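Here's the structure, in C-alpha cells; my notes come after.
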Amino acid sequence: MFFSQRKITYFIALLLVTVSSCSKYEKLLKSSDHELKYKKAFEYYNDENYAKAINLFEQLAPIYRGTEKADSVNFFMP
C-alpha cells in the first residue's frame, strides 16, 4: 500500500488541528470581547505569531485610544 495507515492518521490529525485553530482565530476577530482580544494578541505575539497579533492590535487601537492600554497596543503595531 502506498500510504500507510499511520501516515494517513497523522495527516488527518494535522489537518484537524489546522482547521480548528483557524476557526478559533476567525471567531476571535469577529468577537466584541475586547479584553479577550487584548489578551490573545499578546499571547500570539509571545508565540511569535506576529501576523495574527498585529491584526488584533489594529482592531484594538481605536477602541483603547485614550486609555491606559493604548500605549501597549500602539507599541506592538507596525
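Looking at segment 28-41 only, could you name the residues that are touching a residue at least 24 places away in the same chain (Cβ under 8 Å) and either under 16 Å from Ser72 (Cα atoms) or not in a helix (DSSP H, G or I) (or both)?
His34, Tyr38, Ala41
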### Message
Could you tell me how many of the residues in segment 49-73 are farther than 18 Å from Lys24 by Cβ and outside any helix (DSSP H, G or I)?
### Response
5
### Task
Run down Ala51, Ala41 and say which single residue is surrounded by fewer than 10 Cβ atoms within 10 Å (Cβ to Cβ) and of a type in the set (A, V, I, L, M, F, W, C).
Ala51
### Query
Only one residue in Tyr25, Tyr64 is within 11 Å of the chain's Cα centre (by Cα) and either surrounded by fewer than 17 Cβ atoms within 10 Å (Cβ to Cβ) or within 18 Å of Pro78 (Cβ to Cβ) (or both), so which one is that?
Tyr25
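Coordinate-derived values only; no laboratory data. Not measured: the values here are computed from a predicted model. Don't worry about glycine lacking a Cβ; one is built from the backbone with ideal geometry, like all the others, and counts go over all protein chains shown.
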